[in-house]
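The values are calculated or read from the model by the stated rules, or taken from the named source; none is laboratory data. Just so it is clear, the model here is predicted, and its values are computed rather than measured. Cβ coordinates were reconstructed from backbone atoms using ideal geometry, including for glycine residues, and neighbour counts include every protein chain displayed. Each accessible area value is taken on the protein alone, full model and side chains, heavy atoms only, with ligands, DNA and RNA left out. Shrake-Rupley method; radii C 1.70, N 1.55, O 1.52, S 1.80 Å.
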Amino acid sequence: MPDPKEQSFEEIVGNFYEPLYRFALSLTQRPAEAGDLVQETFFLWASKGHQLRDKTKVKSWLFTTLHREFLGSRRRQTRFPHYEVGLVEHALPKIEPKLANKIDGSELVEMIGDIDEVYRGPLTLFYLQEHSYQEIAEILKIPIGTVMSRLSRGKAQLRQRIEGVEKKIGSTGNSSSKIVKLGQV
Amino acid sequence: MTNEEAKFILSAYRPNGSDASDPAMAEALQQAARDPELEAWFRNERAFDSVISQKLSDVKVPVELKSTILVGHKMMAGTGRAGFPWSAFAKWAAIFIVLVGITSLVLFQRPSDGHLMAAYRSELVGLLAKKSSPLDYHGRSLSDVQGWLSKRELRSDFAVSDALSEQATMGCQILDWNGTQVTLVCFDTSDGQLAHLLVVDRDDLPGIVEPKELSLTVEKGWTTASWVTEDNVYLLAGKGDRPELRNYL
């Protein structure tokens, strides 16, 4: 990747539009809205990006802006519930990686959409692997401990969703289209 | 540090190893190297996380997204608006003008319910004509679509005829109409025609009353039927003629 200080608008778009879209999709669950959010983010970068002094922070700026725009679009909806920061139970369903391997990307996004909204942002940023937990805290404007807590709880909910699919396969066989699809992967 | 504390910290360890040099992770990593139970847990956790990361990176991004962004940027640069956010200014100016226009309409014209419905119908048909973005959800039946909408706490309690509800669907999309959420359901009807059902919360359309009879009109090449229930305002639009559309009412 070229020096961030030297990157053109086109290079910045090329470097980040895909992870930004995946992040937006996990938040909105709607492709059209996700695309709009990404476009709006780059529009804001074109308008205000020159104000960013530290050009090594372009990536964080883009993700922070996209998240802020998403929250803005959701401001009329239910406020996020408050969650206490703390250790979480790790006696959770132990999901074998090979089971997770049976789902495809779109099903994963759908499952992320099923988990509590407050966990989606941290979880998706973590799995995109573009940011450390400290950077995730900066992007989402939450304490580091809260990031870790939400990651643990979010992963637990994701595991439960995957385990639920496995149980469904076991109890109903390959009758529904979704289960057939899972079985084919 | 207990194993539970180590697990809590290691939950934030990226599977590609990017956090290996993070001092805060060091103690937890050392503990995992010493403790077989923790080490097994961490190995499984990383393998699971690695698979999920891979799946997420497999999610397809719309092919036109990058070019759309770049074209938009070139247009903006071409009009000399790159420095000052003229587009944002223009957007707010446009919103202001529209608001003034609407306020004037409400204050001075006070259109009848029929006019309101006609205006609403005309705008939504225009929305259909302009629609180019992909569906938010692909599903083959109305119950699938309703399930998807319900799961996202979106409007899903549709009052449609049995004839329409039995038709296959292509999916749905949530549209934004001047800040009002419109639910669009696309039907792939048995006679080979596409039909679009648009649903708006009645509270978002103040002044609309239930018409005495079902209204069928032809507008911009679409045959439309509109009706109102206690909760929602509906518009069904199809390319067929009035008798064909009536089959689904």
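Data table
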{"item": "Per-residue ³J(HN,Hα) for the stretch B:35-46, Karplus 6.51 cos²θ - 1.76 cosθ + 1.60, θ = phi - 60°, Hz, x for Gly and Pro", "result": "9, x, 5, 5, 4, 5, 4, 5, 4, 5, 4, 5"}
{"item": "All aspartates and glutamates inside 15 Å of A:Lys141 as judged from Cα atoms, apart from same-chain residues fewer than 8 positions distant", "result": "A:Glu69"}
{"item": "Solvent exposure, largest accessible area first (probe 1.4 Å, DNA, RNA and ligands not counted), of B:Val160, A:Val13", "result": "B:Val160, A:Val13"}
{"item": "Solvent exposure, largest accessible area first (probe 1.4 Å, DNA, RNA and ligands not counted), of B:Asp22, A:Asp54", "result": "A:Asp54, B:Asp22"}
{"item": "Value of relative contact order over the stretch B:3-57, rounded to a whole percent, pairs C-alpha under 8 Å and six or more apart", "result": "39"}
{"item": "Net charge of Cβ neighbours under 12 Å - reference A:His131; Lys, Arg +1; Asp, Glu -1", "result": "-1"}
{"item": "Per-residue mean of C-beta atoms belonging to partner chains within 10 Å, peptide A:44-51", "result": "4"}
{"item": "Within the accessible area of the stretch B:113-246 (1.4 Å probe), percent carbon and sulfur", "result": "47"}
{"item": "Mean Cβ count within 10 Å, highest first, over the residues of peptides B:68-74, B:167-173", "result": "B:167-173, B:68-74"}
{"item": "Residue-averaged beta-carbon neighbours from other chains (10 angstrom radius) around A:156-162", "result": "1"}
{"item": "Percentage relative contact order, the stretch B:113-246, counting C-alpha pairs under 8 Å, at least six apart", "result": "20"}
{"item": "Under 13 Å, Cβ to Cβ, from B:Leu236 - net charge with Lys/Arg +1 and Asp/Glu -1", "result": "+2"}
{"item": "Span per principal axis, largest first, for the Cα atoms of the stretch B:113-246 (Å)", "result": "35, 32, 29"}
{"item": "Fraction of the pair-distance distribution of the stretch A:4-73 above 17 Å, Cα-Cα pairs, percent", "result": "35"}
{"item": "Environment charge of B:Gly192, counting only residues whose C-beta is closer than 11 Å and scoring Lys/Arg +1, Asp/Glu -1", "result": "-2"}
{"item": "Ranked order, B:Asp58, B:Asp201, B:Asp49 - accessible area, probe 1.4 Å, largest first", "result": "B:Asp58, B:Asp201, B:Asp49"}
